[in-house]
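The values are calculated or read from the model by the stated rules, or taken from the named source; none is laboratory data. Predicted model, so just to flag it, every value in this text is computed and none were measured. Here Cβ is always computed from backbone atoms with ideal geometry, including for glycine, and neighbour counts include all displayed protein chains. Keep in mind that these areas ignore ligands, DNA and RNA; they rest on the heavy atoms of the full protein, side chains included. Shrake-Rupley method; radii C 1.70, N 1.55, O 1.52, S 1.80 Å.
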Amino acid sequence: MLLSRRYWQPLVALCFLVFVPVVQADEILDIDDAWVAEAPPVAPVMGGYMKIENETNKPISITRASCPDFETVEIHEMSMSGGMMKMQEIEKLDIPAGGKVELKPGGYHLMLIKPKKPFKKGDTMMVTLHTADGQSQAVKMEVKERKASDDHQHHHH
(Lines give C-alpha, C1' and ligand atoms only; values in the text may rest on other atoms or scores of the structure.)
Protein backbone atom coordinates (compact mmCIF):
# COMPACT_ATOMS: atom_id res chain seq x y z
CA MET A 1 0.00 0.00 0.00
CA LEU A 2 1.45 3.32 -1.03
CA LEU A 3 0.67 6.42 0.94
CA SER A 4 0.10 9.68 -0.85
CA ARG A 5 2.45 12.55 -0.07
CA ARG A 6 -0.39 14.11 1.91
CA TYR A 7 -0.20 11.25 4.45
CA TRP A 8 3.49 10.41 4.14
CA GLN A 9 4.92 13.77 5.26
CA PRO A 10 2.96 13.99 8.54
CA LEU A 11 3.86 10.37 9.26
CA VAL A 12 7.58 11.13 8.88
CA ALA A 13 7.22 14.21 11.08
CA LEU A 14 5.44 12.14 13.73
CA CYS A 15 8.28 9.59 13.69
CA PHE A 16 10.79 12.35 14.41
CA LEU A 17 8.69 13.67 17.29
CA VAL A 18 8.36 10.22 18.80
CA PHE A 19 11.84 8.76 18.30
CA VAL A 20 14.32 11.67 18.37
CA PRO A 21 13.66 12.67 22.01
CA VAL A 22 14.09 9.03 23.08
CA VAL A 23 17.51 8.83 21.42
CA GLN A 24 18.60 12.08 23.03
CA ALA A 25 17.34 11.01 26.47
CA ASP A 26 19.43 7.82 26.29
CA GLU A 27 22.60 9.77 25.55
CA ILE A 28 23.09 11.32 28.99
CA LEU A 29 26.86 10.80 28.90
CA ASP A 30 29.42 10.36 26.14
CA ILE A 31 30.95 6.90 26.68
CA ASP A 32 34.12 5.72 24.90
CA ASP A 33 36.33 2.63 25.06
CA ALA A 34 33.92 0.54 27.18
CA TRP A 35 35.46 -2.87 27.86
CA VAL A 36 35.58 -5.75 30.32
CA ALA A 37 38.81 -7.55 31.19
CA GLU A 38 38.80 -11.20 30.10
CA ALA A 39 38.93 -13.60 33.05
CA PRO A 40 39.07 -17.39 33.41
CA PRO A 41 35.63 -19.00 32.81
CA VAL A 42 35.29 -19.85 36.52
CA ALA A 43 36.21 -16.36 37.77
CA PRO A 44 33.58 -14.97 40.18
CA VAL A 45 34.20 -11.34 39.12
CA MET A 46 35.21 -9.29 36.10
CA GLY A 47 36.38 -5.66 35.92
CA GLY A 48 34.69 -3.12 33.64
CA TYR A 49 36.27 0.06 32.31
CA MET A 50 35.31 3.06 30.17
CA LYS A 51 35.87 6.75 29.54
CA ILE A 52 32.89 8.90 30.58
CA GLU A 53 32.38 12.50 29.50
CA ASN A 54 29.63 14.80 30.74
CA GLU A 55 29.00 17.43 28.07
CA THR A 56 26.14 19.04 29.99
CA ASN A 57 26.34 22.12 32.21
CA LYS A 58 25.34 20.20 35.36
CA PRO A 59 27.11 17.45 37.30
CA ILE A 60 25.79 13.90 36.86
CA SER A 61 26.09 11.18 39.50
CA ILE A 62 26.06 7.51 38.54
CA THR A 63 24.53 5.77 41.55
CA ARG A 64 24.49 2.20 40.30
CA ALA A 65 25.02 -0.09 37.32
CA SER A 66 23.28 -3.27 36.24
CA CYS A 67 23.73 -6.06 33.70
CA PRO A 68 21.42 -9.03 33.09
CA ASP A 69 24.48 -11.28 32.59
CA PHE A 70 25.71 -10.77 36.19
CA GLU A 71 24.10 -11.18 39.60
CA THR A 72 25.40 -7.77 40.73
CA VAL A 73 27.36 -4.82 39.37
CA GLU A 74 29.11 -2.48 41.82
CA ILE A 75 31.05 0.75 41.34
CA HIS A 76 34.48 0.47 42.98
CA GLU A 77 37.44 2.72 43.66
CA MET A 78 41.03 1.68 44.21
CA SER A 79 43.27 3.96 46.24
CA MET A 80 46.53 3.91 48.17
CA SER A 81 46.13 3.69 51.93
CA GLY A 82 49.09 3.17 54.23
CA GLY A 83 51.27 2.08 51.33
CA MET A 84 48.79 -0.58 50.21
CA MET A 85 46.21 -0.63 47.43
CA LYS A 86 42.71 -0.67 48.88
CA MET A 87 39.51 -1.35 46.95
CA GLN A 88 36.05 -0.37 48.11
CA GLU A 89 32.55 0.03 46.74
CA ILE A 90 31.43 3.64 46.37
CA GLU A 91 27.86 4.97 46.61
CA LYS A 92 28.13 7.16 43.52
CA LEU A 93 30.50 8.23 40.79
CA ASP A 94 30.33 11.98 40.17
CA ILE A 95 30.96 13.24 36.63
CA PRO A 96 31.45 17.03 36.84
CA ALA A 97 29.69 19.41 34.44
CA GLY A 98 31.80 19.54 31.30
CA GLY A 99 34.19 17.01 32.85
CA LYS A 100 35.53 13.51 32.29
CA VAL A 101 36.11 10.47 34.50
CA GLU A 102 37.96 7.37 33.38
CA LEU A 103 37.22 3.93 34.78
CA LYS A 104 40.54 2.08 34.49
CA PRO A 105 42.60 -0.63 36.19
CA GLY A 106 43.97 0.74 39.46
CA GLY A 107 41.27 3.43 39.79
CA TYR A 108 37.52 3.65 39.43
CA HIS A 109 35.97 0.56 37.80
CA LEU A 110 32.86 -1.56 37.60
CA MET A 111 32.97 -4.84 39.48
CA LEU A 112 30.80 -7.33 37.60
CA ILE A 113 29.98 -10.05 40.14
CA LYS A 114 28.87 -13.67 39.59
CA PRO A 115 28.54 -14.01 35.81
CA LYS A 116 25.56 -16.09 34.72
CA LYS A 117 27.60 -17.54 31.83
CA PRO A 118 31.29 -17.64 30.86
CA PHE A 119 32.66 -14.78 28.75
CA LYS A 120 35.64 -14.85 26.39
CA LYS A 121 37.53 -12.29 24.35
CA GLY A 122 35.26 -10.72 21.72
CA ASP A 123 31.99 -11.31 23.61
CA THR A 124 29.81 -8.29 24.37
CA MET A 125 27.38 -7.38 27.12
CA MET A 126 25.03 -4.49 27.82
CA VAL A 127 25.61 -2.65 31.08
CA THR A 128 23.14 0.03 32.18
CA LEU A 129 24.36 3.04 34.13
CA HIS A 130 21.74 4.59 36.44
CA THR A 131 21.95 8.23 37.55
CA ALA A 132 20.81 10.00 40.71
CA ASP A 133 18.09 11.85 38.79
CA GLY A 134 16.47 8.59 37.63
CA GLN A 135 17.86 8.42 34.10
CA SER A 136 19.69 5.44 32.67
CA GLN A 137 22.01 4.76 29.76
CA ALA A 138 22.88 1.40 28.22
CA VAL A 139 26.54 0.84 27.34
CA LYS A 140 27.79 -1.95 25.07
CA MET A 141 30.98 -3.41 26.56
CA GLU A 142 33.36 -5.79 24.82
CA VAL A 143 35.45 -8.42 26.58
CA LYS A 144 39.11 -7.76 25.81
CA GLU A 145 42.31 -9.57 26.71
CA ARG A 146 43.84 -8.55 30.02
CA LYS A 147 47.19 -6.79 29.95
CA ALA A 148 49.91 -8.15 32.23
CA SER A 149 49.84 -4.84 34.13
CA ASP A 150 46.17 -5.50 35.06
CA ASP A 151 46.74 -8.95 36.57
CA HIS A 152 47.19 -7.79 40.17
CA GLN A 153 43.91 -5.85 40.31
CA HIS A 154 41.29 -8.39 41.41
CA HIS A 155 43.05 -11.42 42.89
CA HIS A 156 41.82 -10.79 46.41
CA HIS A 157 38.12 -11.28 45.57
Response to the item:
In whole percent, the fraction of accessible protein surface over the range 28-157 that belongs to carbon or sulfur atoms, probe radius 1.4 Å, stands at 50
Discussion item. At 1.4 Å probe radius, can you tell me the per residue accessible area of the range 16-140 in Å²?
Written reply: 57
Fill in: For a label point 7 Å along the Cα-to-beta-carbon line of GLU71, residues of the range 111-137 with backbone N under 13 Å
112-117
Response to the item:
SASA check, SER81, accessible area w/ 1.4 Å probe, all protein chains in place, rounded to nearest 10 Å², comes out at 60
Fill in: Integer Hz, Karplus 6.51/-1.76/1.60 couplings in order for the range 117-125, x for Gly and Pro
7, x, 10, 10, 3, x, 5, 10, 8
Worksheet item: Got a sec to turn the phi values of the range 101-110 into Karplus ³J(HN,Hα) couplings, 6.51 cos²θ - 1.76 cosθ + 1.60 with θ = phi - 60°, whole Hz, x for Gly and Pro?
Response: 9, 10, 8, 8, x, x, x, 5, 6, 8
Worksheet item: Given H placed 1.01 Å from N in the peptide plane, which residues other than close sequence neighbours of VAL139 have an amide H under 5 Å from its amide H?
Response: VAL127, THR128, LEU129
Worksheet entry | Amide H partners (placed H, <5 Å) of GLY99, local residues excluded | ASN54
Practice prompt. Starting from the Cα of GLU142, step 7 Å along the direction of its Cβ; do the same at LYS104; then give the gap between the two resulting points in nm.
Written response: 1.9
Worksheet entry | Whole-Hz ³J(HN,Hα) from phi, Karplus 6.51 cos²θ - 1.76 cosθ + 1.60, for the range 87-96, glycine and proline x | 10, 8, 6, 10, 6, 7, 10, 8, 10, x
Discussion item. For a Förster distance of 22 Å, can you work out the FRET efficiency between the beta-carbons of THR56 and MET80, rounded to the nearest 0.05?
Written reply: 0.10
